[in-house]
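Student: Once you've had a glance at the structure underneath, I'll fire off some questions.
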Amino acid sequence: QVQLVESGGGSVQTGGSLTLSCAASGLPRSVACWAWFRQAPGKEREGVASLSTADYTTEYTDSVKGRFIMSQDKTKNTVFLQMHSLEPEDTGQYYCAADPRPIGGRCHYGDYGMQYWGKGTLVTISS
């Protein structure tokens, strides 16, 4: 069965760095879009970043541009989210997601209807 397992969450101080990992197994060959989402307590889930395995293009929501980097280890079927210059506003549960895409289909962090989701990993930034 399909599994996406996030890891690497924790508590860091403002200005610190943290790298999240998402290890996938059992994904269909058609999966070509990966993304990270986050949700703070009492707030709606928001898209953070996406990566297309068709061309390895990445996109980021404005609030994390220049601070977060999404990447993939192709040999391990694992994606990462490097987070730098962390702010209290970055606090939340971070989720990894993946979705099939047809040839030429767009991969975007704003797609909240992705098919496969992990259970999340908590990131807390303190002052």
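Student: Any residue in the stretch 1-13 that is in a strand (DSSP E or B), under 12 Å from the mean Cα position of the chain (by Cα) and polar (S, T, N, Q)?
Tutor: Yes, the stretch 1-13 contains a residue that is in a strand (DSSP E or B), under 12 Å from the mean Cα position of the chain (by Cα) and polar (S, T, N, Q).
Student: Those residues that are over 15 Å from L20 (Cα atoms), at pLDDT below 95 and not in a loop (DSSP other than H, G, I, E, B), I need them from the stretch 34-75; list them, please.
Tutor: Correct list: S52 only.
Student: For the stretch 77-104, which residues satisfy the criterion of being among the small types (G, A, S) and open to solvent by 30 Å² or more (accessible area, probe 1.4 Å)?
Tutor: If the condition is that a residue be among the small types (G, A, S) and open to solvent by 30 Å² or more (accessible area, probe 1.4 Å), then S85, G104 are the ones that fit.
Student: So, in the stretch 23-33, of the ones that are within 17 Å of G118 (Cβ to Cβ) and either in a loop (DSSP other than H, G, I, E, B) or not β-branched (V, I, T) (or both), which residue ends up least open to solvent (accessible area, probe 1.4 Å)? Step through it out loud before you land on a result.
Tutor: Applying the first criterion (within 17 Å of G118 (Cβ to Cβ)) to the stretch 23-33 yields 23-28, 31, 33.
Then keep just the ones that are either in a loop (DSSP other than H, G, I, E, B) or not β-branched (V, I, T) (or both); that gives 23-28, 33.
On the way: A23: 48, A24: 16, S25: 53, G26: 55, L27: 35, P28: 48, C33: 0 Å².
Checking each candidate, the answer is C33.
Student: Out of E46, E59, I need the residue that is open to solvent by 40 Å² or more (accessible area, probe 1.4 Å) and touching a residue at least 24 places away in the same chain (Cβ under 8 Å). Which one?
Tutor: Only one candidate passes the filter, namely E59.
Student: Can you name the residue in the stretch 105-127 that is touching a Gly at 6+ places or on another chain (Cβ under 7 Å) and part of a strand (DSSP E or B) and is also surrounded by the fewest Cβ atoms within 10 Å (Cβ to Cβ) among such residues?
Tutor: Only one residue fits best here, namely L122.
The values are calculated or read from the model by the stated rules, or taken from the named source; none is laboratory data. Just so we're clear, the structure is a prediction, and the values are computed from it rather than from any experiment. A quick note on method: Cβ atoms are made from the backbone with ideal geometry, for glycine too, and the neighbour counts reach across all protein chains shown. Ligands, DNA and RNA are stripped out before the accessible areas are found, and what is left, the full protein with its side chains, is counted by its heavy atoms. Shrake-Rupley method; radii C 1.70, N 1.55, O 1.52, S 1.80 Å.
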